[in-house]
Amino acid sequence: MADPTGLSRPFPVRPLTGREGREVCRLDVYERIADGLNMPDDARHLLGLAAGREKSAGGVAFDLAAFPEVVRVYSSQASARGEIRQQARAAAELDILAVRGLGLIGLNDSLLREHLSRAQGALRVRVALLHPEAPALATRAAEIGESVESLAGGVRLAEARLRELAGICDIQVYRYAMLPTWRVVRTDRTVFVGAFDAGWEGHESATYKVMETPHGPLYRGFRRMFEAVVDGAERTV
């Protein structure tokens, strides 16, 4: 009897049992598994999938295989650490949208600090951080249970440390004033996206790896959003 998922039998089982096997890392594969197993909508949503009955305006169900922008989903930034570093090493452009950015770029042991310290001018870097005097910073501090002084101090520390890189690579630092929603790291044609929400910081969010495709809206949308943030921000470095 054929497997209803269209995959070899060990494929959908092993990621659930923890046994050694191939890792499911494409959203369209999750979609095929969910369809083949007739998963209920609440289970589909836990995998980041649309409900089985959701239709497009034309009455035809979306085929996620036709929108292969989301190529991998990580449980947190820590899980994506190696992939982000690998992409950054080969990149000519690096854009970062964060709150204070210390874990990404502001400290000696940050995710990308070592790479930037060796960039030797070949890399263009833009970093957008939350304005330490903006009302949105106080809101964000309350959301994560931190004092305004501590969060604002973290932003200023990150700016000071990023200023040290001005003679090493082409770096620009901006302060934006709106309440942050998305945490973005873009390396050329790939973007890693997480979310800020009450109760957790951006590095704790699930992280989506999104690649530019000819017709996909996600990569373009996040890049357009970053450009809009920078256009309305105050440059400090």
Checking 14, 22 in turn, the sole residue that is open to solvent by 90 Å² or more (accessible area, probe 1.4 Å), at pLDDT below 60 and part of a helix (DSSP H, G or I) turns out to be 14
Scanning segment 174-192 residue by residue, those among the basic types (Lys, Arg) and surrounded by fewer than 15 Cβ atoms within 10 Å (Cβ to Cβ) turn out to be 189
Here the qualifying pairs (Cβ atoms under 6 Å; residues six or more apart or on different chains; first in segment 28-43 and open to solvent by less than 80 Å² (accessible area, probe 1.4 Å) and basic (Lys, Arg); second modelled with pLDDT of 75 or more and not in a helix (DSSP H, G or I)) come out as none
The number of residues in segment 75-111 that are touching a residue at least 40 places away in the same chain (Cβ under 8 Å) and surrounded by 13 or more Cβ atoms within 10 Å (Cβ to Cβ) is 25
**Message:** Condition check: in a loop (DSSP other than H, G, I, E, B), in contact with a strand residue (DSSP E or B) (Cβ under 7 Å, 6 or more places away or on another chain) and either modelled with pLDDT under 85 or polar (S, T, N, Q) (or both). Does residue 48 satisfy that?
**Reply:** yes
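Going by the conditions given, is residue 214 in a loop (DSSP other than H, G, I, E, B) and open to solvent by 60 Å² or more (accessible area, probe 1.4 Å)?
yes
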Within segment 157-173, of all residues that are open to solvent by less than 40 Å² (accessible area, probe 1.4 Å) and in a loop (DSSP other than H, G, I, E, B), the one farthest from residue 100 (Cα to Cα) is 169
Within segment 219-228, residues open to solvent by less than 70 Å² (accessible area, probe 1.4 Å) and touching a residue at least 12 places away in the same chain (Cβ under 8 Å) come out as 219, 222, 225, 226
Subset of segment 136-150, residues of a type in the set (Val, Ile, Thr) and open to solvent by 50 Å² or more (accessible area, probe 1.4 Å), comes to 139, 148
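Give 189, 161, 183 a once-over and let me know the one that is of a type in the set (D, E, K, R), touching a helix residue (DSSP H, G or I) at 6+ places or on another chain (Cβ under 9 Å) and under 21 Å from residue 90 (Cβ atoms). Working first, answer last.
On the way: 161 fails: under 21 Å from residue 90 (Cβ atoms); 183 fails: under 21 Å from residue 90 (Cβ atoms).
Answer to the check: 189.
The values are calculated or read from the model by the stated rules, or taken from the named source; none is laboratory data. Since the model is a prediction, treat every value here as computed from it, not as a measurement. When we count neighbours, we look across all protein chains shown, and the Cβ atoms used for this are built from the backbone with ideal geometry, even at glycine. For the accessible areas, the whole protein counts, side chains as well, though only heavy atoms, and no ligand, DNA or RNA atoms are used. Shrake-Rupley method; radii C 1.70, N 1.55, O 1.52, S 1.80 Å.
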